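Report on the structure given below.
The values are calculated or read from the model by the stated rules, or taken from the named source; none is laboratory data. Keep in mind it's a predicted model, so treat the numbers as computed, not measured. Every residue, glycine among them, receives a Cβ derived from its backbone with ideal geometry; neighbour counts consider all protein chains shown.
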């Protein structure tokens, strides 16, 4: 799928579905579910690698997991979901040249088609424009930006008028800079709705209400596999409990079988 398809989905009023994946197994499941976009997010730092934040994730780790994700697809390339990679912390904050090298290496060495980065500060906008000029599609990300956790924490953003005005302006700047879509995380629904109406590019929400052009979720959260669930991602099934109980039953049956053989 091309990034331009998502703009067409917005024009048609078709909801865009985005799910994360981190290896071949998770990507095969997400592909089979019919998701439009697979995001190899730096959330893998917390979901897969056991970190407390996304900050320790490296570019090499993002590439490693992206390659695994792409190997998990079974459909022809033209039928596969659009793969978007997060640019990890310090891969784009240190200037345009470093950002182009980082993003280019992800697209060159995997089947990913685009990158996602956080914020809309003047330096970030320069990076976005440079990446797009170099032929690298960019998805923006505003609101709760996990790479800024030490500054803003993990709480709802854009709650006061000043910050609401800023996120409205920032979203317009991201569109003008050439982003093909924007993720809005953990902001009031009424603000997300205003941005969705103002922009011609898709607005993908996570904890931003239902009035967006689509939704993105961490797959492990939806499957109930995470130790801690964010307030805006209730599990669809008790996956962790189901897996633990199933494995307990297997261990119990194996031990009983062993005991039976010892008594013969």
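Here are the numbers for this structure:
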quantity	calculated
Which listed residue, of 19, 6, 39, is in contact (Cβ under 8 Å) with a residue 60 or more places away in the chain, in a helix (DSSP H, G or I) and under 16 Å from the mean Cα position of the chain (by Cα)	6
Selection from the range 186-202 of residues that are touching a residue at least 40 places away in the same chain (Cβ under 8 Å) and either more than 21 Å from residue 122 (Cβ to Cβ) or not assigned by TED's automatic domain parsing to the domain that holds residue 29 (or both)	186, 187, 200, 202
Sole exception among (1) more than 23 Å from residue 153 (Cα to Cα); (2) assigned to a loop (DSSP other than H, G, I, E, B); (3) touching a residue at least 60 places away in the same chain (Cβ under 8 Å) for residue 53, by number	(1)
Any hit, the range 28-39, residues being surrounded by fewer than 17 Cβ atoms within 10 Å (Cβ to Cβ), touching a helix residue (DSSP H, G or I) at 6+ places or on another chain (Cβ under 8 Å) and either more than 29 Å from residue 195 (Cβ to Cβ) or in the same structural domain as residue 212 (by TED's automatic domain parsing) (or both)	yes
Matching entry among 200, 156 (being farther than 23 Å from residue 4 by Cβ and out of contact with any helix residue (DSSP H, G or I) (no Cβ under 6 Å at 6 or more places or on another chain))	156
Matching residues, the range 115-139, being in contact (Cβ under 8 Å) with a residue 40 or more places away in the chain and in a helix (DSSP H, G or I)	125, 128, 129, 132
Residue in the range 86-109 that is farthest from residue 181 (Cα to Cα), counting only those that are touching a strand residue (DSSP E or B) at 6+ places or on another chain (Cβ under 6 Å) and outside any helix (DSSP H, G or I)	87
Any hit, the range 171-190, residues being in contact with a helix residue (DSSP H, G or I) (Cβ under 8 Å, 6 or more places away or on another chain) and over 21 Å from residue 118 (Cα atoms)	no
Near pairs, Cβ below 7 angstrom, 6+ apart or cross-chain, from the range 233-248 (on the phi < 0 side of the Ramachandran plot) to any residue that is surrounded by 11 or more Cβ atoms within 10 Å (Cβ to Cβ) and in a helix (DSSP H, G or I)	233/221; 233/222; 235/221; 235/222; 236/222
Boolean, residue 167 is touching a helix residue (DSSP H, G or I) at 6+ places or on another chain (Cβ under 7 Å) and either touching a residue at least 12 places away in the same chain (Cβ under 8 Å) or within 18 Å of residue 36 (Cβ to Cβ) (or both)	yes
Any hit, the range 63-73, residues being touching a helix residue (DSSP H, G or I) at 6+ places or on another chain (Cβ under 9 Å) and either assigned to a loop (DSSP other than H, G, I, E, B) or at pLDDT below 95 (or both)	yes
3 or more residues at pLDDT below 95 and surrounded by fewer than 13 Cβ atoms within 10 Å (Cβ to Cβ): qualifying helices (runs of 4 or more DSSP H) within the range 180-264	239-262
Criterion violated by residue 112 - all others in (1) in contact with a strand residue (DSSP E or B) (Cβ under 8 Å, 6 or more places away or on another chain); (2) within 14 Å of residue 140 (Cα to Cα); (3) part of a loop (DSSP other than H, G, I, E, B) satisfied	(2)
